[in-house]
Structures are given as structure tokens and as C-alpha cells.
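Structure first, commentary second.
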Amino acid sequence: MFNDKIAEPLVTAAPAAPSAPPPGAAADWTIPQRWDRFTPEEHRVWDILFERQQEMLHGRAVRAFEEGLDVLKLSRPGIPELDELNERLFARTGWTVVSVPGLVPDDIFFEHLRNRRFPAGNFIRSAEQLDYLEEPDVFHDVFGHVPLLAQPAVADFMQALGEAGLRALSLGALDRLARLYWYTVEFGLAREDGRLKIYGAGILSSFGESRFALESEATPRPEFNLKQILRTRYRPDSFQQCYFVIDSFEGLLERMLRDPLEPIYEELRDLPDLEPSEASRAQVGA
């Protein structure tokens, strides 16, 4: 049995992104990857993370994730060169990965998603930080997110989230939309062949949470419920206290395209937030 008490977060509460692009970054915060600047030690860290995470995820991740690793040839040693990766990814779903110096402002992030671009931090953690870092690095962003972007329904869902994020910003409802992103893209579980499987990038890229998310006996795993998710708080500095479960990526995309979020924001405006531990007990309309 997994010991919940030893849980350690992969990513802690990261500092907010600066308000202006740093020197050398374009207006959309992109920078050249300059793959040749990565050191042998940085490539070695990627290989350590990749090997142990691929082994941990066998039988735990959704099939589409393992298929994406194969299609995009992410099993090659070393940090991926984005030009090569993007040729294969764009041919599959029209997405590309762009390098950014670190965290970017919300409007920039969602604008990239709307245009089928995924921002990836152009740095990698040190060997002393394999399980602990302050903000997402290239391993989290590329290993965790990119394989599923080769799956058409996920690719379309992510673009829809980009559009929804920009609308939420204009309405002052970003905190609601952020919860949908968090409980699906970052920390979502799916039911596949009668078993719970991992698809959220925050779990896929975390050695500890890959076990915790499926094995913790005290953690609720309610079925996907849009209104419930938009009401449920989350913790960015620890393993999750709740994981929502979808039946399929196609169903998730259909729900996103079918139901406008703006009326739901208004409906929930005066309702109290839910704590993650309340998620499986709350009575919220689907």
C-alpha cells in the first residue's frame, strides 16, 4: 500500500511570471531553443528522468500517452530538439512546441494554446532536484504534455482551453477556468479498459505522484463533473487531495465544445468553493 504520509510535491507553488518579456525573448515570450547549449549533464538528467518515468508509467498511463512517446520518438537519448519534434507533431495534429524562458503571463499562455502552440520551459532541473522544482521545466512540459498532443481529441481540447482561457480573463473568471485546466490537463485520470489510468501531465512527469494518484486509499476520485470542478479548490504545493475521472478524451472535448462556460461562471458566482476532500460528497448538477 502506498504511504500517503511520505508524499512530496514535484512542483511547488511557483512564483508569478514577470509582467514583461525578459531580454532576448520576443513579444510572445518565445526564445530560440539553442539545443546545442544543453550540457552533457543536462542531457543525462533528461535520460534519468525519462527512463525511470517510462518504467513507472507502464500499465499506469493511458495508451495514447505511450503511443505518443513512440510516434514522436521521444525515447531517443537526450533533451529533444524541438525542430525535429515539431515536424512529427505538426504532421499529426497541427501543434508545435515553442521555447519560453520560464513561466509566462496567463494571456500569453492561452494565446499560444489558442494557436496550437505549447510553451515549454527552456531549462531542466538539476540532478539534485529530480523530484522537486519551483516551476515546470522542459521535462514536465515535453514529456508530460506533448505525447498526448499527438492525439486529435486532446489537441482540439487544448486549443479550446486556450480560447476559453482568454474569454475567462476578460470576464474575471480565470480562477474557475484554471481549475478545469488543473483537474484535467495537469492532474486528470481516465477510465480505460475498466481501470483507472493517468493522463494529466503533472502526474505523468512525477515519479511519486504516478503511484499516489492511483494507490492512495484516502484520496477521492469522483467522476468528471464540470460544475463541481469549477467550484473545487486545488493545492499547487502538494500531491492532489482529489482526482477527477473522465471516460474518454472525445467525451471531454464534446463537453467542452457543447457547454458554454460563461453561464456556469454566473451560476456559480455566489456559491461557496469546495475543498478537494468534499468533491466526492458534494451534490452538484452535471
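The values are calculated or read from the model by the stated rules, or taken from the named source; none is laboratory data. On a predicted model such as this, the values are computed, not experimentally measured, just so you know. Note that each Cβ is placed from the backbone with ideal geometry, even for glycine, and that neighbours are counted across all protein chains shown. These area figures cover heavy atoms from the full protein model, side chains too; ligands, DNA and RNA do not enter into them. Shrake-Rupley method; radii C 1.70, N 1.55, O 1.52, S 1.80 Å.
Just a few scattered comments:
- Modelled FRET efficiency - R0 22 Å, Glu67 with Glu254, Cβ distances, 0.05 increments: 0.55
- Computed magnitude of the charge dipole of the chain (debye, nearest 20; Cβ of K, R +1, Cβ of D, E -1): 360 debye
- Relative contact order of the stretch 98-143, pairs being alpha-carbon contacts under 8 Å that are 6 or more residues apart, as %: 42 percent
- C-alpha center-to-center spacing [the stretch 224-249, the stretch 57-84] in angstrom: 25 Å
- Net charge contributed by nearby residues that have their C-beta within less than 15 Å of Val45 (K/R +1, D/E -1): -4
- Computed over protein heavy atoms with a 1.4 Å probe, the accessible surface of the stretch 194-242 works out to 35 Å² per residue.
- Cα-projected label distance for Ile31 with Glu267, points at 7 Å along beta-carbon direction, nm: 4.4 nm
- Working from the Cα coordinates of the stretch 140-286, the gyration tensor eigenvalues give, after taking √(5λ), semi-axes of 22, 19, 14 Å in decreasing order.
- Local electrostatic count, Arg117, Cβ distance below 13 Å [Lys/Arg +1, Asp/Glu -1]: -1
- Surface calculation, 1.4 Å probe, protein heavy atoms: Asp270 sits at approximately 120 Å² accessible.
- Cα Rg over Rh - the chain, Kirkwood: 0.94
- Rg in Å to one decimal, and Dmax rounded to a whole Å, for the stretch 195-280 via C-alpha atoms: 13.9, 38
- Carbon + sulfur, % of accessible area of the stretch 41-138 - ligands and nucleic acids excluded, 1.4 Å: 47 percent
- Rg and Dmax [Cα atoms of the stretch 135-213; Å; Rg one decimal, Dmax integer]: 13.4, 40
- The Rg/Rh ratio of the stretch 40-152, with Rg taken over Cα atoms and Rh as the Kirkwood radius over Cα pairs, comes to 0.94.
- Efficiency of FRET between Glu128 and Arg195 - r from beta-carbon atoms, R0 25 angstrom, step 0.05: 0.10
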